[in-house]
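Have a look at the structure below, then the notes.
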Amino acid sequence: MFIVLLGTAGSGKTTLVTEFSEWVLQELGLTVGVANLDPGCESLPYSSDFDVRKFVTMVDLMKREGLGPNGAMVRAVEHMEKVLYKLFEGLQRRDLWLIDTPGQNEIFVFRKVGPKVIESLNNVAPTIGVYLIDSELAESASGLVSSFSQALAVKLRLNIPLVMILSKADLLMEDTACMFEDLKFLEKKVIDEQVGSLTDMTLGLIQLFKQLSTAQRVVKISTRTKEGFPELYDVIHESMCECGDLT
Ligand SMILES: Nc1nc2c(ncn2[C@@H]2O[C@H](COP(=O)(O)OP(=O)(O)O)[C@@H](O)[C@H]2O)c(=O)[nH]1
Ligand SMILES: [Mg+2]
């Protein structure tokens, strides 16, 4: 099974890959592989079984081609597409694989490389996305709904089962947790926030969100406190079963 970590820059993907891989190994005794697909990271907190930086790095492209960070990331993912087949040569058998994706997630997801990576993984083993909603960005009702709409765009683009989680639960405000868990409460908060002509659209997005997450339960994760790791493993497994990919 491949678990692809997705979410905005700084939402906690790399940290979660590090902590969750250790937890899966120690607590569940499963073999876990880790692949880094971020050509822009300077150092990694985990030891990777596959690292795209062996083939391309952003720093190198910035130096060689005089590009800025975004231009270099665009060139890097274009190059990644060409070396994708090497990714699969490097992946040995494991109970599960965690796939870390670029910090500048939109360049990965919305360029050709994102769907190509997912398709190639899916051809090898069942693949699921874990989308991190950053608690720090979801302090207001409209902030949380904007995060939902980003997740919706990712789901549309990659077309895989997507488990939605709230990252950095240790920073979570009580109101945010309630909004995430109780969509009726979120609707009320949207109306209270008086976003004017955007209210109807925002309420419409909440309706869409109800259909988006494959997991019925809300998972709050903190890599600081280790809150939510067993729940995350359970919802990943449940989502795979619902999609008929696991029994
Ligand atoms: N408070 C808190 N900070 C976190 C947590 N997970 C990650 N971070 C911090 O968030 C920042 C971005 O994390 P990173 O994993 O690099 O995000 P990425 O860009 O999505 O890979 C780092 O400073 C992390 O230490 C968490 O659970 N709680
Ligand atoms: Mg990262």
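With +1 on each Lys and Arg Cβ and -1 on each Asp and Glu Cβ, and nothing else charged, work out how big the dipole of the chain is about its Cα centre, in Debye to the nearest 20.
Working: 24 positive and 34 negative charges, 178 e Å.
With Lys and Arg at +1 and Asp and Glu at -1, about 860 debye.
Pairs of Lys residues in region 115-247 that lie 8 or more places apart, or on two chains, and have C-alpha atoms under 26 angstrom apart add up to 20.
With the convex hull constructed from alpha-carbon coordinates only, region 91-137 shows a mean projected area of 4.2 nm² over all directions. Between helix 13-23 and the chain there is an angle of about 80 degrees, using the helix long axis and the longest principal axis of the Cα atoms.
Just rank Glu174, Glu227, Glu65, Glu242, fewest to most, by other beta-carbon atoms within 10 angstrom. Display every interim value, and only then the final one.
On the way: Glu174 7, Glu227 16, Glu65 10, Glu242 13.
Lowest count first: Glu174, Glu65, Glu242, Glu227.
Along each principal axis, taking the top coordinate minus the bottom one, the Cα set of the chain gives 51, 45, 32 Å in descending order. Its residues counted as N, region 35-106 yields a C-alpha radius of gyration over 2.2 N^0.38 Å of 1.11.
Annotation: amide H-H contacts under 5 Å for Gly7 (H modelled 1.01 Å from N, sequence separation of 5 or more, or interchain): Leu132. Within the set of other residues whose C-beta is less than 15 Å from the C-beta of Asp134, count the net charge using Lys and Arg as +1 and Asp and Glu as -1. Neighbourhood net charge equals 0. Gap in Å between the Cα centre of region 1-62 and the Cα centre of region 116-185? Their Cα centres are 18 Å away from one another.
Beyond 19 Å, how much of the Cα-Cα pair distribution for region 140-247 remains, as a whole percent?
On the way: 2780 of 5778 pairs.
So the portion of pairs separated by more than 19 Å is 48 percent.
Per-residue Cβ neighbour counts within 10 Å put Arg224, Arg53, Arg157, Arg64 in the sequence Arg64, Arg224, Arg157, Arg53, beginning with the fewest. Multiplying each eigenvalue of the alpha-carbon gyration tensor of region 10-132 by 5 and taking the square root yields semi-axes of 25, 16, 13 Å, largest first, rounded to whole angstroms. In plain terms, the C-alpha convex hull of region 1-69 casts an average shadow of 5.4 nm² when viewed from every direction.
What does the charge count around Asp170 come to, taking other residues whose C-beta lies under 14 Å from its C-beta (Lys +1, Arg +1, Asp -1, Glu -1)?
On the way: positive: Lys168, Lys220, Arg224, Lys226; negative: Glu19, Asp134, Glu136, Glu174, Glu227.
Surrounding charge for Asp170 is -1.
In deg cm²/dmol and to the nearest 500, what is the mean residue ellipticity at 222 nm of the chain if only DSSP H runs of at least 4 residues count, each as -39500 (n - 2.57), divided by the residue total? When only DSSP H runs of four or more count, the value is -15000 deg cm²/dmol. Three principal axis extents of region 187-242 based on alpha-carbon atoms, in descending order, are 41, 30, 13 Å. Other residues lying with their Cβ under 13 Å from the Cβ of Glu78 contribute a combined charge of +3, Lys and Arg counting +1, Asp and Glu -1. Percent of Cα-Cα pairs more than 24 Å apart in region 84-206, please. Roughly 39 percent, once rounded to a whole number.
Readers should treat all values here as calculations from the given coordinates under stated rules, not as data from a laboratory. Source: prediction; values computed, not measured. Using ideal geometry, Cβ is built from the backbone for each residue, glycine included, and neighbour counts are taken over all protein chains shown.
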